[in-house]
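Okay, structure first, notes after.
The values are calculated or read from the model by the stated rules, or taken from the named source; none is laboratory data. If you're wondering where the values come from, they're calculated on a predicted model, not measured in any experiment. Ideal geometry is used to build each Cβ from the backbone, glycine not excepted, and the neighbour counts take in all protein chains shown. The area values use the complete protein model at the heavy-atom level, side chains included, leaving out ligands, DNA and RNA. Shrake-Rupley method; radii C 1.70, N 1.55, O 1.52, S 1.80 Å.
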Amino acid sequence: HAPTARRRGARSAAQNMSTTSCARAERDRWSSIDALVHREGRFVGPGFSPGDACASILREHVRVLVVGAGGLGCELLKGLALSGFTTMDVIDMDTIDVTNLNRQFLFSTADVGGSKAVCAAKAIEARVRGCAVTPHHARIEDKPDEWYKQFDIIALGLDSLEARAYINSVCCGFLEFDGEGNVDPTTIKALVDGGTEGFKGHARVIIPGITPCFHCTMWLFPPQTTFPLCTLAETPRNAAHCIEYAKLIQWPAERHGETFDADDVEHMTWVYNKALKRAQTFGIIGVTYAHTQGVTKNIIPAIPSTNAIVAAACVIETLKMATMCAKGMNNYMMYVGTDGVYSHTVEYEKDSSCMMCSPGIAHQMSLNATLEDFMTSIVAAHADALSAPSVSFGDKNLYIRGILEAEFADNLTRRMYDLMDERTEGLLIINDKKLKRTAMRVRLSLSME
């Protein structure tokens, strides 16, 4: 029986060694992150409490939503998973094309035609032990606003201004302010936004109600390039002019009633052939099928290294936000890699009159102004955003459009001073069909003048 006992003892010792080795490997796995969350320092963020509890919050409690699973989104998912974030969701409506494979490294040829969100989630879970990623193959607009409340941080890896503006408006719509215009911290949904354009990129931190939101800094994004029709038709000077001519002028003239689909190979080939023939007529070079795709789809070449650099900055900011192990970016980082490597961080200012994130747009009227006067005045001041407003004050509806409108008709001739409980200042909430996502907050001041 002695040999049997020795074998059992050897197996038990081996199992203990294996368990110890696994525990040590797990500790070593996060050693670089633990070095940040277990130490004090002069540069930590407000409220930072080093120790195991901080590490536990990161790995067990923080839930991050990654919006977009393209070139930047793949890098974000990888970076977050390798930084200790174990619970993530990813949402993307696109499917994988073979042209994505050179830079969207979570995908392989076997994934072509599949959902980006689903395939990215599977790839992360397969490569990073203990990381759970829930995919959502859907448009961001398909999810109700309340769905976004479950996430602690939202990381954006988008290539569309419209999509960024949508998510920004959803998060700003959660904001609540007290009577003095101070934001309720529990209603803040933090955003980390990254964007790339060739060898250029940016990373930014958006804390709605505290830092500038996306709408505050829309001026940062120049309008897309357009070409005068006279230039396209009479004096084309480059390949892009020829391509736009084929798409905007020749297509509707020769293919009546047919909508151009940039994702249809036959449509793209037709535009390419027409553009190439026109370019040859004017002695212009540079019309290729790839360039035709780029012009018609407004495609900007994606550089994998730019995606990696910008995503790394976003991941670091997400880590700092989740743990407060270091002070966060304040609040916009620009990266340029065209001639060397250059980055610059700048603090942009919050727009105090922003329709999305401000505690209320300032609006002044006389003490005797009625509700009807107010609605006429506010529509005139914001004609691009309002046409037929509904108005509320606190938990009291002052005027509601639609089937209940007749019940509030008497309020039209009442003074705002009386409707606001005899206050000369008050926060009004305006809803209107023209407002895309969120209500307008108006801080009304009444005076004797």
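A cut-off of 5 Å between modelled amide H atoms, ignoring neighbours fewer than 5 places along the same chain, links Ala302 with no other residue. Length gained on full extension, Phe199 to Asp410, computed as 0.36 nm times the residue gap minus the Cα-Cα distance: 69.9 nm. Amide H to amide H distances under 5 Å link Tyr399 with Val391, where only residues 5 or more positions off or on other chains count and H is placed in the peptide plane. Mean sequence separation of contacting Cα pairs (under 8 Å, at least six apart), scaled by the length of the chain, corresponds to a relative contact order of 15 percent. When only Cα pairs below 8 angstrom with a gap of at least 6 residues are kept, the stretch 279-392 shows a relative contact order of 9 percent. Between Ala385 and Trp147, the distance separating the two model label sites (each 7 Å from Cα on the Cα→Cβ line) works out to 2.6 nm. Protection proxy ranking of 131-137, 85-91, 237-243, by the mean of other Cβ atoms within 10 Å over each peptide's residues and highest first, is 85-91, 237-243, 131-137. Bridging of Lys434 to aspartates and glutamates at a Cα separation below 14 Å is possible for Asp384, once same-chain residues fewer than 8 apart are set aside.
Test of the criteria: in the stretch 285-384, which trypsin sites (Lys or Arg not before Pro) are in a DSSP loop and have at most 12 other Cβ atoms within 10 angstrom of their Cβ? Of the trypsin sites (Lys or Arg not before Pro), the ones in loops of the stretch 285-384 whose Cβ has at most 12 other Cβ atoms within 10 Å are Lys297.
When peptides 254-266, 68-80 are sorted by average Cβ neighbour count within 10 Å, with the highest value leading, the order is 68-80, 254-266.
Rolling a 1.4 Å sphere over the protein heavy atoms, what is the accessible area per residue of the chain, to the nearest Å²?
Per residue, the chain has an accessible area of 52 Å².
Residue ranges 175-184, 96-105 sort as 96-105, 175-184 when ordered by packing (mean number of other C-beta atoms within 10 Å per residue, highest first). State which helices in the chain qualify, where a helix is a whole DSSP H run, it must extend 27 Å or more along its own axis by its Cα atoms, and its mean Kyte-Doolittle hydropathy must be at least -1.0. Sorted by number, the helices that extend far enough and score high enough are 304-323. For the residue pairs Lys116/Lys350; Lys116/Lys433; Lys116/Lys149; Lys143/Lys247; Lys116/Lys200, the C-alpha atoms sit more than 32 angstrom apart in Lys116/Lys350; Lys116/Lys433; Lys143/Lys247.
Quick check of the Kirkwood formula: for the chain, what is the inverse mean of 1/r over all pairs of different Cα atoms, in Å? Radius from the Kirkwood sum: 26.0 Å. Here the contact order of the stretch 41-172, divided by its residue count and restricted to Cα pairs under 8 Å and six or more residues apart, works out to 30 percent. Within the stretch 353-449, what whole-number % of the accessible surface is contributed by carbon and sulfur, with the 1.4 Å probe and all protein chains included in the calculation? Percent of accessible area from carbon and sulfur atoms in the stretch 353-449: 49.
Computed over neighbours whose Cβ is under 14 Å from that of Leu427, the net charge equals -3, Lys and Arg +1, Asp and Glu -1.
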